[in-house]
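First comes the structure, then the notes that go with it.
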Amino acid sequence: MEQLLYLLSLCLLVACLWAVISGKLFLGGQIVERDSERASFYLGLSAYVVIAVFAILFLDS
């Protein structure tokens, strides 16, 4: 279970890095671009980070 949570958090952080570099984020079954849907892009990006942080905190407890 710990390895699964670790991999989940790692995948989410890599997805955030990819989104920042490319300007595209997979959110809700579609690709959201930073230029066209700015609010949805940053909301999705912050959601990815929050889920990854919670997964890491859950690992430590």
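Full-extension gain between Lys24 and Leu57, please, as 0.36 nm times their residue separation minus the C-alpha to C-alpha distance.
9.2 nm
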Can you divide the C-alpha Rg of the chain by 2.2 N^0.38 Å and report the result to two decimal places? 1.18
Could you work out how far the C-alpha centroid of segment 9-28 sits from that of segment 35-57, in angstrom? 8 Å
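Taken together, the values in this text are just the output of simple stated rules run on the coordinates, not laboratory data. For clarity, every value in this text was computed on a predicted model and none was experimentally measured.
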